[in-house]
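Please read the structure below before turning to the comments.
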Amino acid sequence: FKGVNYLEMQDTPKAISSFQAAIGVSPQYFDAHMNLGIIYSAKKDKMAISYYQNALTIKKNSIEALYALGKFYQDIDSFDKAIAEYNKILNQLPDHKNTNYNLGYIYYIKSDFNKSAQFFSTAISKQPDYTDAYYGRGLCYKQTKQVDLAEKDFVKVLQLDPGYKLAEKELKKIKKKKWNKVT
């Protein structure tokens, strides 16, 4: 509890010390490993990997630890490692919303727009008001020249969140292109 309290007080060095002391007393303390992983992840410090892997040794196939490790790899642009961790989650929970969204993002970055759209679609099926997933899928459709589907997704984003500026911008580009084709 000391470590958590130090985190709430934004005293990271004391939080780290407390979590490490807890592990010293009880090496199987899953939450301490996870908290240290989170702290080091925020710093983009690769020490996070060791703590998440230790957590996975304690709770094999923990969705929480797998997701945190995958997200860390994603955040440091180790996309193939992130994909490997995310796939371990999908083996247990194929419809895991955030994992599907993140894989959609990664495959978009890797220019595999069809695969990306599939992952975004799965995320949407689990959360029908997932604006970021609609936006991501719309970008995929735009990249694959499926302009009508892209337009439909950007419209859906704006129905769900009228202030979503990026979708508004993409929709204007599509409408401008359509208008230029007509004239």
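General observations
- Placing one equal scatterer on every Cα of region 1-95 and applying the Debye formula, the log10 ratio I(q)/I(0) at q = 0.12, 0.15 Å⁻¹ is -0.37, -0.57.
- Share of carbon and sulfur in the accessible area of the chain stands at 52%, probe radius 1.4 Å.
- Gain in span if fully extended, L93 to A42, counting 0.36 nm per residue against the direct Cα distance: 15.8 nm
- Rg to Rh, two decimals, where the chain supplies the alpha carbon set and Rh follows Kirkwood: 1.11
- Distance from the Cα centroid of region 103-133 to that of region 30-46 is 27 Å (rounded to whole angstrom).
- Heavy-atom accessible area, probed at 1.4 angstrom with all protein chains present, ranks T57, T122 as T57, T122, highest first.
- Simple spin-label estimate for K165 and K2 in nanometres, 7 Å along Cα-Cβ: 4.6 nm
- Value of Rg to Rh for region 65-171 (Rh from inverse mean 1/r over Cα pairs, i.e. Kirkwood): 0.99
- In this structure, K175 and S111 have a Cβ-Cβ separation that, at R0 = 30 Å, corresponds to a calculated FRET efficiency of about 0.75.
- Peptides 58-68, 17-27 ordered by average Cβ neighbours within 10 Å, highest first: 58-68, 17-27
- Averaged per residue, region 63-164 has 48 square angstrom of accessible surface, using a 1.4 angstrom probe with ligands and nucleic acids left out.
- In summary, the lysines within cross-link reach of K152, defined as a Cα separation below 20 angstrom excluding same-chain residues under 8 places away, comprise K115, K126, K142, K165, K169, K172, K173, K175, K176, K177, K178, K181.
- At R0 = 35 Å, FRET efficiency that the Cβ-Cβ distance of K59 and K145 yields, to 0.05: 0.20
The values are calculated or read from the model by the stated rules, or taken from the named source; none is laboratory data. What you see is a predicted model; the values in this text were computed from it and never measured. Here the Cβ is made from the backbone with ideal geometry for all residues, glycine too, and neighbour counts use every protein chain on show. Ligands, DNA and RNA are stripped out before the accessible areas are found, and what is left, the full protein with its side chains, is counted by its heavy atoms. Shrake-Rupley method; radii C 1.70, N 1.55, O 1.52, S 1.80 Å.
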